[in-house]
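The values are calculated or read from the model by the stated rules, or taken from the named source; none is laboratory data. Quick caveat, the model's predicted, so the values are computed rather than measured. Positions of Cβ are generated from backbone atoms using ideal geometry, with glycine treated the same way; all protein chains shown enter the neighbour counts. Accessible surface is based on the protein model in full, side chains and every heavy atom, while ligands, DNA and RNA are left aside. Shrake-Rupley method; radii C 1.70, N 1.55, O 1.52, S 1.80 Å.
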Amino acid sequence: MTGTPPSFAETPESSRGGIDVLAEVLRAVRLTGSVFLNARFTAPFGVISPRDFDETSPLAHLRHMSIFHLIADGSCTLELSSGERRTVNAGDILLLPFADDHKFWNGEVSKMLNGPELFRPGPVKGMWNIDHGGGGQQTRIVCGFVESSEFLFAPVFRSLPSLLIDRTDADQVSALISSTVMQIIALAEKASPGSELMLGRLMEMLFVEMLRRYAQQLPPGTTGWFASLNDPIVGRAMQLVHADPSRRWTVDDLAREAATSRTVLAERFSNVMGQAPMEYVTSWRMQLAADRIRNGKDRISAIAADVGYESEASFNRAFKRVTGVTPGRWRDGNGASPASGEAKVSG
């Protein structure tokens with residue numbers, strides 16, 4: 001029987017009931033999100049969205065942040081820190097995974113203003129308003145963020161481009177994304193007390209679905225973590241590891257369960273992921289362990305056993321090799337910052 005191999009970027013229902021690897025990874029890095037800005041601009045205008053926010057900004061406390069801009073009305077030009085420019089219009093969904101500096105403008109402006117300096121308190125806590133410009137054509141942008149408390153599993157995100165754009169009125173956009181965006185815009189406009197929780201969940205859902213669609217649309221031959229979800233061999237092996245991380249996996253076991261040979265499995269991991277199968281197993285175990293150590297009270301020995309280590313000593317060595325610090329220091333909050341590149345994710 002022949003046919004198109006399954007894409008493990010799809011939801012579990014469409015991937016023969018398997019575990020949703022993308023959702024598992026995003027759950028492990030503890031995503032939180034919300035809408036922080038409802039902005040109304042009129043031409044001419046020009047604003048800068050900075051990479052780093054000062055201590056007076058509502059986003060100053062956030063780490064490992066990705067930014068959404070939902071273009072609710074009008075149009076403008078977006079310029080990334082790389083100099084790339086894009087015209088964006090009503091219905092566009094912009095995701096900047098790394099929240100680097102970027103600019104929005106429409107018309108001739110003599111000076112770009114720093115966006116946070118224009119923030120004014122909105123009707124609900126945590127959501128700010130901007131009403132700025134020269135009185136011409138209106139552009140309305142609803143801005144949100146998604147943050148991860150721990151980005152130990154950073155290679156997943158490093159392979160993303162600096163900008164993802166989708167449209168709510170494009171035929172290929174899923175009904176879920178379109179509906180989610182419409183709900184976010186409506187709730188941001190209404191801004192009633194109690195809407196913060198719903199907005200947070202909707203932003204997290206939008207983030208997951210945007211990344212899922214990005215993975216599904218990657219062309220053949222693409223490499224990286226997201227591309228691996230589309231590879232029938234690597235994707236299947238990843239599902240097995242995520243479904244049972246405590247199993248004492250060997251390359252032979254993983255190859256047998258993935259219905260391939262040890263050699264082919266190693267070659268596919270090397271070609272698509274740039275690492276060996278057991279390096280991936282180790283990195284995923286350490287992500288799970290790091291989350292439990294930092295955010296829970298379980299004994300290190302119990303966590304070690306739960307992620308597949310027979311002894312606490314061997315787990316401690318593996319953990320330090322991956323993160324650069326001991327489990328005890330990680331629990332105390334003294335761990336290396338993955339965002340700074342100090343943490344190593346290969347085993």
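What the table below lists for this structure:
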read-out: Residue match in segment 20-29 (condition: modelled with pLDDT of 95 or more, surrounded by 19 or more Cβ atoms within 10 Å (Cβ to Cβ) and out of contact with any helix residue (DSSP H, G or I) (no Cβ under 6 Å at 6 or more places or on another chain)); value: no
read-out: Complete set of residues in segment 211-241 that are surrounded by 21 or more Cβ atoms within 10 Å (Cβ to Cβ), of a type in the set (S, T, N, Q) and outside any helix (DSSP H, G or I); value: Asn230
read-out: Residues (crowded, with 17+ Cβ neighbours inside 10 Å and more than 13 Å from Tyr280 (Cα to Cα)) located in segment 242-256; value: Ala255
read-out: Selection count where residues are open to solvent by 50 Å² or more (accessible area, probe 1.4 Å) and in a loop (DSSP other than H, G, I, E, B), scope segment 312-324; value: 0
read-out: Segment 275-299 residues that are under 21 Å from Trp249 (Cα atoms), paired with ones that are open to solvent by 10 Å² or more (accessible area, probe 1.4 Å) and among the hydroxyl-bearing types (Ser, Thr, Tyr) (beta carbon under 6 Å, 6 or more apart); value: Gln275/Ser346; Glu279/Ser346
read-out: First in segment 100-115 and without any contact (Cβ under 8 Å) to a residue 24 or more places away in the chain, second anywhere and buried (at least 21 other Cβ atoms within 10 Å of the Cβ), Cβ under 9 Å, 6 or more apart; value: Ser110/Gly46
read-out: Residue in segment 245-252 that is farther than 30 Å from Ala186 by Cβ, in a helix (DSSP H, G or I) and modelled with pLDDT under 95 present; value: no
read-out: Among (1) small (Gly, Ala, Ser); (2) open to solvent by less than 30 Å² (accessible area, probe 1.4 Å); (3) assigned to a helix (DSSP H, G or I), the one test that Ala305 misses; value: (2)
